[in-house]
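Working notes for the structure below.
No lab work stands behind these numbers, since they all come straight from the coordinates. Note that the structure is predicted; figures quoted are calculated from it, not measured. Every residue, glycine as well, gets a Cβ built from its backbone with ideal geometry; the counts of neighbours run over all protein chains shown.
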Amino acid sequence: MSDTQGSGGGAAWRNNPYSGPYTTDAQSDLALYSGVLTRRFVAFLIDLFVLSVPIVLVSIFILLFGVVTLGLGWALFWLVSPFSIIWALFYYGLSLGGPHAATIGMRTLGIHMEMLNGGRPYFLLGVAHAVAYWVSVSFLTPLIVLVGFFNRRGQLLHDLVLGTVLVNTAATMPPSRSF
């Protein structure tokens with residue numbers, strides 16, 4: 001990695017979509033949030049696929065192991081549920097709290113998470129974001145989605161509680177200079 005501003009304060013890293021402190025004006029507001037809810041939904045489906053691949057592989061392994069051990073290995077199927085939860089928490093924590101502040105699905109569709117207070121997303125915030133989403137969608141399924149249609153940033157209920165927002169990555173990048 002390289003620092004684009006030298007060793008002085010306010011370093012900005014290359015290839016990092018995080019745009020820094022949350023400051024926007026009315027002109028860039030539309031570009032930041034345009035189509036975020038739709039992209040967020042498709043990114044969620046991509047992330048579900050990414051999360052399911054290791055779980056399916058572990059399940060197939062346990063199934064085959066059970067066949068080889070004449071059924072004794074099937075007792076390991078109880079580990080699939082805890083493994084799924086731990087895998088999902090690490091996935092969201094590391095990806096949302098990582099340098100790109102986005103899951104694989106979010107990066108594919110060009111959105112990332114920012115904090116409204118200007119701070120940088122971190123591992124526990126990514127975990128809390130996932131837990132808050134799954135808990136809220138379990139109890140308030142239609143309401144969590146409807147909240148996004150009634151605020152200008154397209155924030156869902158758990159975003160409002162945690163002080164986060166999802167924005168278009170391209171809208172936060174500085175314009176490229178052509179020579």
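How charged is the neighbourhood of Arg153? Take every other residue with its Cβ under 12 Å from the Cβ of Arg153, and add Lys/Arg as +1 and Asp/Glu as -1. Present the calculation step by step, with values, prior to reporting the outcome.
Details: positive: Arg40, Arg152; negative: Asp29, Glu114, Asp159.
The answer is -1.
Mind listing the long-range amide H neighbours of Thr164? Cut-off is under 5 Å, sequence gap 5 or more, other chains count too, H placed in the peptide plane at 1.01 Å from N.
Hits under the 5 Å cutoff: Leu116.
Residue by residue, what Karplus-based ³J(HN,Hα) values in Hz, rounded to whole numbers, does the stretch 98-114 have, using 6.51, -1.76 and 1.60 with θ = phi - 60° and x for Gly and Pro?
So the Karplus estimates, Gly and Pro as x, are x, x, 9, 6, 7, 6, 4, x, 5, 5, 4, 9, x, 10, 8, 9, 10 Hz.
Going by the alpha-carbon gyration tensor, a ≥ b ≥ c the square roots of its eigenvalues, is the stretch 47-115 rounded (a/c under 1.5) or, if a/c is not under 1.5, prolate (a/b greater than b/c) versus oblate?
Prolate.
Which order do the peptides 139-147, 38-46, 98-106 come out in when sorted by mean C-beta neighbours inside 10 angstrom, highest first?
Values: 139-147: 12.6, 38-46: 15.2, 98-106: 20.8.
By packing density, highest mean first, the sequence is 98-106, 38-46, 139-147.
What's the center-to-center distance, using Cα atoms, between the stretch 103-179 and the stretch 57-90 in Å?
With the stretch 103-179 and the stretch 57-90 each reduced to a Cα centre, they are spaced 32 Å.
How much net charge surrounds Tyr91 when only other residues with a Cβ under 15 Å from its Cβ are counted (Lys, Arg +1; Asp, Glu -1)?
Numbers: positive: Arg107; negative: Asp47.
Its environment carries a net charge of 0.
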